[in-house]
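Asks: I have a structure here, written as structure tokens, and I will follow up with some questions on it.
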Amino acid sequence: VPGDDHGPASDEARTQQRVAELGEEVKAFYQTYRGSAEEAADLTESYKAAKGDLEAILFEHALYENHPGEAQRIHDVLAQLVADGAVPATKKWAASSAPRKVKRYEAELAEERAEAKEELHKLTGGASTKGDGSMQ
């Protein structure tokens with residue numbers, strides 16, 4: 001029926017619009033969150049909760065966008081917090097923050113990005129994404 005905004009096509013259009021809006025909201029959030037005092041405070045709490053275990057911080061505690069270089073960036077933020085005395089150096093930190101470990105975490109995150117990109121491709125029926133596995 002012309003002008004009918006209650007059919008499956010209109011539901012799909014509303015869903016696509018909302019997905020686009022949410023993507024923009026997420027993008028805006030991370031633009032202000034990344035590198036902020038709020039992120040540093042959250043990473044401090046994550047560090048304490050994980051007793052300095054970088055792997056646990058990355059995969060269980062921290063909030064971040066999964067982009068290339070994020071494991072290294074978070075490592076660097078936490079290393080500065082340790083150096084500044086904001087959090088104590090722990091055995092778990094020493095064991096989990098070695099360069100080879102950070103490299104391994106980056107590889108695991110890259111695998112997650114690839115899986116997310118594939119799932120997004122399935123969900124969108126092949127609609128175009130920016131190609132990085134994120135919703136940006």
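Asks: Determine the per residue accessible area of region 17-122 with all protein chains present and a 1.4 angstrom probe, expressed in square angstrom.
Replies: On the way: 6260 Å² over 106 residues.
For region 17-122, the per-residue accessible area is 59 Å².
Asks: Using +1 at the C-beta of Lys and Arg and -1 at the C-beta of Asp and Glu, which of Ala37, Ala71, Ala114 has the Cα lying farthest in the positive direction of the dipole of the chain?
Replies: Positive-end residue among those listed: Ala71.
Asks: Can you give me the relative contact order of the chain as a percent, contacts being Cα pairs under 8 Å and 6 or more apart? Don't skip to the end; give the middle numbers.
Replies: On the way: 100 pairs, mean separation 34.3, N = 136.
Reported relative contact order: 25 percent.
Asks: For n ≥ 4 DSSP H runs only, could you compute -39500 (n - 2.57) per run for the chain, divide by its residues and tell me the 222 nm figure to the nearest 500?
Replies: Rounded to the nearest 500, it is -20500 deg cm²/dmol.
Asks: Here is a further query. Could you tell me what percent of the accessible area of the chain is made up of carbon and sulfur, with a 1.4 Å probe and every protein chain present?
Replies: Carbon with sulfur: 55 percent of the solvent-accessible area.
The values are calculated or read from the model by the stated rules, or taken from the named source; none is laboratory data. Since the structure is predicted, the reported quantities are computational estimates derived from the model, not experimental observations. Cβ atoms come from the backbone with ideal geometry, glycine included; neighbour counts cover every protein chain shown. Only protein heavy atoms, including side chains, enter the accessible area calculation; ligands, DNA and RNA are left aside. Shrake-Rupley method; radii C 1.70, N 1.55, O 1.52, S 1.80 Å.
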